[in-house]
Each structure stands twice: as structure tokens, then as C-alpha cells.
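The values are calculated or read from the model by the stated rules, or taken from the named source; none is laboratory data. Model, not experiment: these values are computed from the prediction. Positions of Cβ are generated from backbone atoms using ideal geometry, with glycine treated the same way; all protein chains shown enter the neighbour counts. Surface accessibility is based on the protein's heavy atoms, side chains included, excluding ligands, DNA and RNA. Shrake-Rupley method; radii C 1.70, N 1.55, O 1.52, S 1.80 Å.
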Amino acid sequence: MTTVECRLRAGEERSLAYDVADGLTRPFKELPPKHFYDTEGSKLFDRICGLPEYYPTRTERAILTARAEDIVARTDAAELVELGSGMPDKSRLLLDAMRDAGTLERYVPFDVSEHVIRLAAERLVDDYPGLEVHGVVGDFERHLDAIPPADDGTRVIAFLGGTIGNFLPGSRRKFLRGLARSLRGGDRLLLGTDLVKDPAVLEAAYNDSEGVTAAFNKNVLAVCNRELDADFDLDAFEHVAFYDRQQEWIEMRLRALAPQEVCIRALGMTVHFAHREELRTEISAKFTIKRLGADLAASGLELREVLTDPDELFALSLARR
Ligand code: SAH
Ligand code: AVI
């Protein structure tokens, strides 16, 4: 059985209008990363996941391949809620382990992209006979209350891929506090975090040789053109990604190659970009286990277990209230 609940009504599409009006009128221009993920952006992200330089996806998958059975045995999970689920390829490892353990009842994918929720739901009900899929199209910063009430069994809320790193530190803790409130005693948070490492490895992952990350980054401008009737010239910006060692995060920006005026007709706004002016489009924080534990503790969560790969590139952790 499949249900899809949509919390993003037309006209309120991911709060793009508000974020553009707010973010492009600041002295240091900025847009939140959730606007990358229209259908094209989700496809570009899937291509990023397969790039040789982009190690997080394959590393997290390897950890799950080795440990999914163990995670399911420890949690006894009947239900998997997945935030920012995207195309849930890695989640299948958890669903398989839950099915094999005989506990699997419901999967709740939650994503801002309606396209990926519908596609995932369609595929999963075919592949897991008897599975209830309750998709939520929503913004996990605003709509956590759209997660359906839990049944009797234990629930695991998974937040994979390192997407937690895309929050600024203040909003990260606020978000984790909200998550903590939605966990019951036996429930667990399964969190994927990218780890601090050699800056050269990090910078290569966000500056791939095929230019897929550059296309993904510029896609936010195409989203503004389509949804807000703007006239961004994608060729007039270049992709920038660098590791900020002090903040311990990758920062992605778009740099204007020439001075220009961009008209955003739906908002009745014209935005000026100076030569080489930059627009921040994403941060991707990298963690140490110590900082992860501190963030979780500050949010009312207890770090119970950390699973990592032999090179300590990526960590999957289990936390409880
Ligand atoms: N979990 C997958 C996908 C990660 S990409 C993986 O590990 O590979 C990040 C996903 O989060 C995308 O599918 C994007 O659409 C979704 N997303 C980003 N910001 C969001 C938000 N504010 N609310 C809900 N989903 C969001
Ligand atoms: C979804 N998120 C964890 C990715 C990341 O690595 O921060 C998004 C991404 N941006 C560029 N490449 C991948």
C-alpha cells in the first residue's frame, strides 16, 4: 500500500521565493541547498554519487553492506523513516535486513522532491510485497510533524549521505532537537556523517573532473529561472568549491564572471552582481566523532555506536533520546 502526503503546496514550492528575496539581497549573497533538487538536480546528484572522486556514497554503502544486519538486530526496527531519502538505493540494504529479520512493516521516505518520492514509492512496493510505503513530500526543517504516528514497533529514523552537514551549525542543532522530540524510548536515529580528512581528498570530491558538481551547483540558477521567471545566464557564473579548514566544511559558491543585472520577474526584483562576486549555495560540514557526540548531546541525543570504514572517511552512528 502506498500513500504520498504533500506538504509543499503550489506557490509555496520549497519557499524558493522567500529564500531568493532574502538571500539575494544580503551583502553576502546566499541560497539554501534544498533548491538544487528539482528533477534535473536530483538526477545530477545521482550522477555525483557514482563519480570516482565522490567517496561518501560508496563508503556509506560499504558500511551498510557490512553492518545493516547488525543495525537491524540491535534496533529490532519495524519501521524505517528516511529523511532526505532521494533515490533510496542504500536504504534497500536496511529494508532487506529488516525483511530478512521478519520485522519490516513500513517505510516512510521524506523528501523535498515529489519526483523522487513517487518514483521510490512505486519501485519499493513492487520490490517488497506487503510493505506499506508512506511518502512525505516536505521540508524537513519545517514539516517533521508530517511523519505519521508510529505503530507499536520500534522505529529507526535514518538521515544518510551526510546531508546533516548541509545545515549551518545553529540550524543543525535546532533540527536535531526537533528530531529528538519525535523519538520514543526504543527508537533510534541512524545518522550518516562525512568525516574531517585530507583537504585534497575533500576538495576533489566537490570539484570532479567531469564537471557534474559544477552543473549541479549551477542548477539552482535554472530552478530560479523556471520557477521565478528569472533570467540568470548559467554561463556567466563559475563553480567554486573549497575546504574551509577553520569551519571544517566544504563551501560551494557561484562566482559571477562579469558584472551583471539579473531580473527576477516573479518577485519584481533586479539583483546586481559585481565582477567576481560570489553567491554561497551550500556548506557541507565534515565531522570528528567528538564534535558529532557534542552536537547530539546538545540536542538531547545520546551517541550509542559509531560504525566507520577502515580509512575512517565516513561514519554511520546510532543515537537515542
Ligand atoms: N539520502 C540520499 C540522498 C542525499 S541528497 C543519499 O544518501 O544519497 C539530499 C536529499 O535531501 C535530496 O534528495 C534532497 O531532495 C533532500 N533534501 C534537501 N533539503 C531538504 C529539505 N530541506 N527537506 C527535505 N528534503 C531535503
Ligand atoms: C546531499 N549532500 C550531503 C551532498 C554533500 O556532499 O554535501 C550534496 C553535494 N553537494 C555537492 N556534491 C554533493
Checking LEU168 against (1) surrounded by fewer than 16 Cβ atoms within 10 Å (Cβ to Cβ); (2) among the hydrophobic types (A, V, I, L, M, F, W, C); (3) over 15 Å from the mean Cα position of the chain (by Cα), the condition it does not meet: (3)
List the pairs whose first member sits in the stretch 184-198 and is more than 15 Å from GLY165 (Cβ to Cβ), whose second member is polar (S, T, N, Q) and crowded, with 21+ Cβ neighbours inside 10 Å, and whose Cβ atoms are under 6 Å apart, counting only residues at least 6 apart or on separate chains? ARG188/THR75
Go through the stretch 137-189 and count every residue that is more than 9 Å from ligand 1 (Cβ to nearest atom) and over 23 Å from GLY293 (Cβ atoms). 9
Residue list for the stretch 43-59, restricted to those being away from ligand 2 (no atom under 11 Å from the Cβ) and either of a type in the set (Val, Ile, Thr) or at positive phi (or both): THR59
Please specify each residue of the stretch 80-111 satisfying the condition of being surrounded by fewer than 24 Cβ atoms within 10 Å (Cβ to Cβ) and more than 13 Å from ligand 1 (Cβ to nearest atom). LEU95, ASP96, ALA97, ARG99, ASP100, ALA101, GLY102, THR103, LEU104, GLU105, ARG106
Going through the stretch 310-321 in order, the residues found to be crowded, with 18+ Cβ neighbours inside 10 Å and either aromatic (Phe, Trp, Tyr) or not in a strand (DSSP E or B) (or both) are LEU313, PHE314
Given GLU30, GLU40, GLU114, which one is more than 16 Å from ligand 2 (Cβ to nearest atom), touching a residue at least 60 places away in the same chain (Cβ under 8 Å), open to solvent by 10 Å² or more (accessible area, probe 1.4 Å) and over 23 Å from ALA150 (Cβ atoms)? GLU114
Counting just the residues of the stretch 128-165 that are open to solvent by 40 Å² or more (accessible area, probe 1.4 Å) and of a type in the set (Asp, Glu), which one comes out farthest from ligand 2 (Cβ to nearest atom)? ASP152
Residue list for the stretch 218-264, filter: assigned to a strand (DSSP E or B) and touching a Cys at 6+ places or on another chain (Cβ under 6 Å): ALA230
Inside the stretch 263-305, the number of residues satisfying the requirement of being over 22 Å from ASP22 (Cβ atoms), surrounded by fewer than 16 Cβ atoms within 10 Å (Cβ to Cβ) and of a type in the set (A, V, I, L, M) is 3
Search the stretch 81-104 for residues that are in contact (Cβ under 8 Å) with a residue 60 or more places away in the chain and under 22 Å from ALA146 (Cβ atoms) and pair each with any residue that is open to solvent by 30 Å² or more (accessible area, probe 1.4 Å) and within 16 Å of ligand 2 (Cβ to nearest atom) when their beta-carbon atoms are under 6 Å apart and the residues are at least 6 apart or on different chains. LEU83/PHE140; GLY84/THR163
